[in-house]
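Structure first, commentary second.
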Amino acid sequence: MNTYLDGFKACPLCSGDLEHKQIEQDKSRPVCKHCGWIHWSNPVPTASSVIPYNGGVVLVKRAKPPQLDDWACPGGHVEHQESPIDTVVRETKEETNLDVRVVAEIGNPFTTESNHLVMFYLVEVIGGETRAGDDAKELEIFTLDALPENIAWIHHRQAIEDYYAGRNIRPINPQPLPPQNGPNKLNDEHCRLSPKDNNYSPTPNVFVWACIVYVALVLGMCLLTRFIH
Ligand SMILES: [Zn+2]
């Protein structure tokens, strides 16, 4: 039996007693005897960031349990009515003081034994200076060959290794840059999608395409006029 189904001693709505009931075939859940509330125990979504920065990736030392004092990618719980992408941007700012935007998904979302739905995103730094904050005790930049032994969870290490290998990375349309950080202010050193990723191709500029179509039309018209005369 999944212990997370036993997280409630009583119904959180009416304090009634709970009993395990068959909800569907092969699916039983604690149900309130009084009001019928069902304890579904759906996974709790979390989102974390892999942050390439100054030749390494930014990790934070955890200031709170679980895994107190271990190193981890910045991240946290997806809040009420928040998208995982907004979670990553918010949590990264809180823990590292860096302004980031999400450029790719890393790996596949999965549910842990602790019933957390884990999502990883590759981000690029668009502003701010590193400073540990919120749930982060310290902050450091690690290269692949110097990753700490005590990384909080195996899937955090996996996401970092995937980034370095250019593996399991799916680019997504990045959010627009805020006006005060124009593209010319971006530091390419901080914004590489991945050292080995060759699949990333930004959408061609609409203006360039318009020019190509225009030139093709003019050439076509010239040829046509020659044939007619
Ligand atoms: Zn109830």
Mind checking the dipole of the stretch 86-159: about its Cα centre, +1 per Lys or Arg Cβ, -1 per Asp or Glu Cβ, Debye to the nearest 20? 120
Using only alpha-carbon positions, what ratio does the radius of gyration of the chain give when scaled by 2.2 N^0.38 Å? 1.41
7 Å from Cα along Cα→Cβ at both GLN158 and ALA210: what's the point-to-point distance in nm? 4.6
Quick one: putting +1 on the C-beta of Lys and Arg, -1 on the C-beta of Asp and Glu, what dipole do you get for the stretch 1-147 around its Cα centre, in Debye to the nearest 20? 440
In the stretch 81-173, the GluC sites (Glu not before Pro) that fall in loop regions by DSSP, at most 16 other Cβ within 10 Å: GLU82, GLU113, GLU129, GLU149
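What share of the DSSP beta bridges in the chain is antiparallel, in percent to the nearest 5?
Once the DSSP bridges in the chain are tallied, antiparallel ones form about 80 percent.
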Largest first, please: the extent of the C-alpha atoms of the stretch 1-51 along each principal axis, to the nearest Å. 49, 27, 16
Taking the dipole about the Cα centre of the chain, with the C-beta of Lys and Arg at +1 and of Asp and Glu at -1, give me whichever of ALA152, PHE207, ASN115 is farthest to the positive side. PHE207
At 20 Å minimum axial length over the Cα atoms and a Kyte-Doolittle cut of 0.5, report the qualifying DSSP H helices in the chain, or say none. 206-228
Over the chain, what is the relative contact order in percent, taking alpha-carbon pairs closer than 8 angstrom and at least six residues apart? 18
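Since every read-out is calculated from the coordinates, none of them should be taken as a lab result. All figures in this text were calculated on a predicted structure; none of them were measured in a lab. Quick reminder, even Gly has a Cβ in these numbers, built from the backbone with ideal geometry, and neighbours come from all protein chains shown.
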